[in-house]
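Q: I'd like to ask you about the structure that follows.
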Amino acid sequence: MSGETSAPGASPRAPRPATQKSSGTVTKKGDRGAKEKPAAVLPPVGEEEPKNPEEYQCTGVLEIDFAELCTLSGYTDFPKVVPRPRPHPTFFPSASMSEKPTQEDQRLSGSCSLNSLESKYVFFRPTIQVELDQEDKAVKEIYIRGWKVEERILGIFSKCLPSLSQLQAINLWKVGLTDKTLTTFIALLPLCSSTLRKVSLEGNPLPEQSYHKLMALDSTIAHLSLRNNNIDDHGAQLLGQALSTLHSCNRTLVSLNLGFNHIGDEGAGYIADGLRLNRSLLWLSLAHNRIQDKGALKLAEVLRPFELTHTEVVERRRLLLEKGPLERMRSPSSSRHGESKSDREKSQAIGASSVALVDKADKVQTMKTPKGLGKKKEKSGEVVKKDEKSGSAQSPVQGTPKKEDSTKAGKGKVTIPEQKPTKGKGPKTGSREKRSILLESELVTEAMEMVNPLLEPVEHRDGKVFMPGNKVLLHLNLLRNRITEVGLEGFLSTVQYQAQFSKAKSASKGPVGLLWLSLAKNCFSPQCPTYIMIQELMLPRDPISKAKSREEEAMASST
């Protein structure tokens, strides 16, 4: 053995093979290891280069761009970009073959071998996980979990993320966000591709609870998850105001997840206030919070006809007065939207040319608009400017495309059906299954084409004005709160009203209310009669149960 170890070429690494059985193979492994180690510690070499990330031109490959920008910024150790691990298929080991080897493997891994320690350390190293498109391997989603994302890293992201043309989602879980870094993160979102629609910030509690900034009027986020952020009633108030106020309304957010927070009755009331005039949110989760009967009753109340406040009545009258003269001057294109026959004939006779112009503008807009909202927003902004010149859109809520403005007939009374079935609405109600899955391209167009809720048809009872209620919300999750049978009664009357409304309106297209409602694991018995009645009323509305029954019928007919 001594003669073998002193062979020429092996002497520089003599101490290493001395511990091994076969020196010939080990020297080769040693060579490979010597070559691989510097590759892992390449970043420090980059420090010798001039540190000017501004000069670097991104290639669109996140792994290369991020590493290069980190190196130029002076980072010696930075997270690696890796594909998101797929869950392994369930494996059932056989009793004869696989159990003994696994026990031996456990003994081996228990020993302090360098290999096992390195593999365990690598598992816990910070990484940027990416979900790739199967065809062209472009980055679709980014997942960052369990390491602090600082201002400098966000600065690097602002340079390399805009080049990802198919980026759809950013997920940040326990990354130590602060109110300051959240502001920086929000500023980089508009730089990203117009395909970016989903943002998830979970496990990032903020002292100022400034999550509502993600729902600003110029935001293009359609899906927002804020689970496990210690959001309390104050945070819920800010989020409710971001959903809608008397003069502003978020038109892009389609789903909002507020599960696993600290929202109580007061916070639920603020969210309910936000739903009064919001007509874009379809999916809302308030599961695992602290909502009791008072908050539950407020949420249930806003989903059926509710009384307008004095300020809302005043704003409604102002909008009607503004709309009245304008509607008489230009013929509305609402002849397609279920007005009476005489009204249709009048509008067609007075200004067929203006109808044609509106239609033409709509066609041009839909042709030019890509899948994202970027250009759509510009288009709607142009139309709003035109409207402002004519003095029709002073209220921020009125900042909608011309087509919507022209659908409101303000001749003293409003005769438009609630939530007009405009062109964008067709797919929404034609297939409820599609709506519950939240097809983004359709939902975004629907959000753009909305009538101001205050101009919906109203009822006058005992000198009070009642709105029809929010029937756009399809999915409401109140699992594991503190609701008793008192709160259940409120939801029962809501579900009964919505069921009657959808039957009466089954012939026409338009929103029909909740298709899915979860009230399980609250403070009542599952055998409670009220709860059973709610479930029975919701079962025929649930698109998933409908799809299952259709499959069963098809199977039965084929056999």
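Q: Kindly evaluate residue 502 against the criterion of being open to solvent by less than 80 Å² (accessible area, probe 1.4 Å), of a type in the set (Gly, Ala, Ser), outside any loop (DSSP other than H, G, I, E, B) and modelled with pLDDT of 95 or more.
A: no
Q: Yes or no: segment 198-208 includes at least one residue that is among the acidic types (Asp, Glu) and more than 16 Å from residue 473 (Cβ to Cβ).
A: Taking segment 198-208 as the starting set, the residues that turn out to be among the acidic types (Asp, Glu) are 202, 208.
If we keep only those that are more than 16 Å from residue 473 (Cβ to Cβ) as well, we get 202, 208.
The answer is yes, given that some residue of segment 198-208 is among the acidic types (Asp, Glu) and more than 16 Å from residue 473 (Cβ to Cβ).
Q: Based on what the data block shows, is residue 485 among the charged types (D, E, K, R), within 16 Å of residue 316 (Cβ to Cβ) and in contact (Cβ under 8 Å) with a residue 12 or more places away in the chain?
A: On the way: among the charged types (D, E, K, R): yes; within 16 Å of residue 316 (Cβ to Cβ): no; in contact (Cβ under 8 Å) with a residue 12 or more places away in the chain: yes.
Spelling it out, it is not the case that residue 485 is among the charged types (D, E, K, R), within 16 Å of residue 316 (Cβ to Cβ) and in contact (Cβ under 8 Å) with a residue 12 or more places away in the chain.
Q: Got a sec? Which of 335, 331, 285 is open to solvent by less than 60 Å² (accessible area, probe 1.4 Å) and at pLDDT 95 or above?
A: Values: 335 fails: at pLDDT 95 or above; 331 fails: at pLDDT 95 or above.
Checking each option against the conditions leaves just 285.
Q: If residue 260 passes every condition in (1) closer than 20 Å to residue 522 by Cβ; (2) without any contact (Cβ under 8 Å) to a residue 40 or more places away in the chain; (3) over 17 Å from the mean Cα position of the chain (by Cα) but one, which one does it miss?
A: Only one criterion is unmet by residue 260, namely (3).
Q: Based on what the data block shows, is residue 160 closer than 29 Å to residue 56 by Cα, under 19 Å from the mean Cα position of the chain (by Cα) and either surrounded by fewer than 19 Cβ atoms within 10 Å (Cβ to Cβ) or among the hydrophobic types (A, V, I, L, M, F, W, C) (or both)?
A: Details: closer than 29 Å to residue 56 by Cα: yes; under 19 Å from the mean Cα position of the chain (by Cα): no; either surrounded by fewer than 19 Cβ atoms within 10 Å (Cβ to Cβ) or among the hydrophobic types (A, V, I, L, M, F, W, C) (or both): yes.
So residue 160 fails the test.
Each row is one residue, and each column tells you yes or no for (1) touching a Lys or Arg at 6+ places or on another chain (Cβ under 6 Å); (2) at pLDDT below 85; (3) surrounded by 18 or more Cβ atoms within 10 Å (Cβ to Cβ).
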position	(1), (2), (3)
521	yes, no, no
526	no, no, no
529	no, no, no
538	no, no, yes
555	no, yes, no
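Q: When the residues of segment 288-313 are narrowed to those that are of a type in the set (D, E, K, R) and in a loop (DSSP other than H, G, I, E, B), which ends up surrounded by the most Cβ atoms within 10 Å (Cβ to Cβ)? Walk me through how you get there before you give the answer.
A: As a first pass, look at segment 288-313 and keep what is of a type in the set (D, E, K, R): 290, 293-294, 298, 301, 304, 307, 312.
So of that shortlist, the ones also in a loop (DSSP other than H, G, I, E, B) come out as 290, 304.
Values: 290: 17, 304: 22.
The extreme case among them is 304.
Q: Something else: Evaluate the following for residue 547: is it open to solvent by less than 70 Å² (accessible area, probe 1.4 Å) and at pLDDT below 95? Outline the logic, then answer.
A: Details: open to solvent by less than 70 Å² (accessible area, probe 1.4 Å): yes; at pLDDT below 95: yes.
Criteria met by residue 547.
Q: Determine which single condition residue 510 fails, assuming it passes every other condition in (1) in a strand (DSSP E or B); (2) touching a residue at least 60 places away in the same chain (Cβ under 8 Å).
A: Unmet condition: (1).
Q: Sort out which residues of segment 182-208 are surrounded by fewer than 20 Cβ atoms within 10 Å (Cβ to Cβ) and under 18 Å from residue 229 (Cα atoms), and write them in order of number.
A: Within segment 182-208, 183, 186, 198, 200, 202, 203, 205, 206, 207, 208 qualify.
The values are calculated or read from the model by the stated rules, or taken from the named source; none is laboratory data. All figures in this text were calculated on a predicted structure; none of them were measured in a lab. All Cβ positions, glycine included, derive from the backbone under ideal geometry; neighbour counts span all protein chains shown. To get the accessible areas, we keep the full protein, side chains included, count just its heavy atoms, and leave off ligands, DNA and RNA. Shrake-Rupley method; radii C 1.70, N 1.55, O 1.52, S 1.80 Å.
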